[in-house]
1. For the stretch 84-126, what are the residues that are more than 23 Å from N136 (Cα to Cα) and either in a loop (DSSP other than H, G, I, E, B) or in contact (Cβ under 8 Å) with a residue 60 or more places away in the chain (or both)?
2. Determine whether V330 is modelled with pLDDT under 95 and among the aliphatic types (A, V, I, L, M).
3. Quick check, is T146 open to solvent by 10 Å² or more (accessible area, probe 1.4 Å) and either at pLDDT below 95 or more than 29 Å from F356 (Cα to Cα) (or both)?
4. Inside the stretch 146-168, can you point out the residues that are without any contact (Cβ under 8 Å) to a residue 40 or more places away in the chain and within 8 Å of ligand 1 (Cβ to nearest atom)?
5. So which residues in the stretch 1-59 are closer than 30 Å to G159 by Cβ and open to solvent by 80 Å² or more (accessible area, probe 1.4 Å), if there are any at all?
6. Considering only the stretch 254-371, give the strands (runs of 3 or more DSSP E) lying wholly within it that have at least 3 residues that are surrounded by fewer than 19 Cβ atoms within 10 Å (Cβ to Cβ).
7. From the list A115, A189, which one is more than 20 Å from the chain's Cα centre (by Cα) and either at pLDDT below 95 or under 23 Å from G81 (Cβ atoms) (or both)?
8. Does G159 fit the bill of being surrounded by fewer than 24 Cβ atoms within 10 Å (Cβ to Cβ) and more than 12 Å from ligand 2 (Cβ to nearest atom)?
Amino acid sequence: NKGHYEHYMQKEIHEQPESLTTTMRGRLIRRGSSKSKSVLLGGLKDHLKTIRRSRRIVFIGCGTSYNAALTARPILEELSGIPVTMEIASDLLDREGPIYREDTAVFVSQSGETADTLLALQYALDNGALCVGITNTVGSAIARNTHCGVHINAGAEIGVASTKAYTSQIVVMAMLALAIGGDTISNQARREAIVDGLHELPNKVREVLELDQEMKDLANLLIAEQSLLVFGRGYNYATALEGALKVKEVALMHSEGILAGEMKHGPLALVDENLPIVVIATRDVCFSKQQSVIQQLHARRGRLIVMCSEGDAASVCPSESCRVIEVPQVQDCLQPVINIVPLQLLAYHLTVLRGFNVDQPRNLAKSVTTQ
Ligand code: UD1
Ligand code: BG6
């Protein structure tokens, strides 16, 4: 049921304040005599000790689910001190990459039925790793065959392009980082700030959804373009990949997410006054590096669309020709939840304006159950 929306993708983008609330329900708690703010993931509590002892955490997924895992890598490394590596399921299988008994392998899949992710799960089980699932589908193959896991509880997602499942996956993985990280005195303030950030996230998403018309206007400007680049780094490297994936899969426009730190190693050659480029430059530890990227793109007459934190337009924009998308600021590790929303809206409007099928993009399936 699409309610008053025209498309499922549109409905699912707009219901993110509610889906995120459901994802967090009952999972944000106060713990111990100090009543410090913490998280409770019921599906993991008996396995946390084993996970904390593992030598490495390996995230495994495909498509949007891989991107969601990538957003969580920095915060999980920071809070746990455990090395985190990333695997696209098919690539792990192609290489028969090493997986050890001392590894925790985390399988991320909205449907819980993706063939490559399932085969990678069987491979990791055969190699003796502790296997953790993060899925939206109770009773799915991944939920059944992992040792333990977390349901993201985002509600059914119908649009082939994943939107609300993506933001719920990010939130679950931030909670996973808090759960694995454990309560140490040294990171208590950081942990509590993240829990506070989680509490206010649905309202911040509601705010960023108000950019709907602005994104429609931007889509109108980009309607006839051949290509769109998206530059990000740090917490928002994954946002660049995921924003570009949305544009590619539904609007059928070539789009590429680029790690800004790699700009000089190739992508800069593409920059001219015609190619539109989105640069994600919200406030975090990478901000000044992104300011310098913007300057360098501007010096090559790049056609810039900069996403920045509210109030930063003047400090990020090198000239009046640069367009700005101002978004509310939240905790750095949660900022990808906010930043993806305007890009979801952009992909949605571009698709409708270009006259393509938003909910059933050409050649794609919601769940890829064959190799
Ligand atoms: C569970 C209940 C929820 C109830 C809550 C009350 C289910 C599905 N969930 O939620 O209805 O409100 O307790 O405390 O009954 N699991 C895997 N692999 C996965 C995902 C999950 O093995 O990929 C396992 C978990 O380890 C856990 C079970 O499935 O044993 C349920 O997981 P989850 O729904 O996330 O647990 P709770 O949030 O505790
Ligand atoms: C398909 C979907 O390609 O599978 C994507 O069209 C999705 O939206 C990908 O990200 C992975 O699916 P899942 O269910 O494993 O998260």
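1. If the condition is that a residue be more than 23 Å from N136 (Cα to Cα) and either in a loop (DSSP other than H, G, I, E, B) or in contact (Cβ under 8 Å) with a residue 60 or more places away in the chain (or both), then E96, G97, P98, I99, Y100, R101, E102 are the ones that fit.
2. Spelling it out, it is not the case that V330 is modelled with pLDDT under 95 and among the aliphatic types (A, V, I, L, M).
3. Yes, satisfied.
4. T146
5. Correct list: N1, H4, E6, E18, R25.
6. The strands (runs of 3 or more DSSP E) meeting that bar are 254-259.
7. That would be A189, the only listed residue that is more than 20 Å from the chain's Cα centre (by Cα) and either at pLDDT below 95 or under 23 Å from G81 (Cβ atoms) (or both).
8. no
The values are calculated or read from the model by the stated rules, or taken from the named source; none is laboratory data. None of these values were measured; they are calculated from a predicted model. Neighbour counts are summed over all protein chains in view; Cβ atoms, including those assigned to glycine, are modelled from backbone coordinates with ideal geometry. Surface areas here come from the heavy atoms of the whole protein model, side chains and all, with no ligands, DNA or RNA. Shrake-Rupley method; radii C 1.70, N 1.55, O 1.52, S 1.80 Å.
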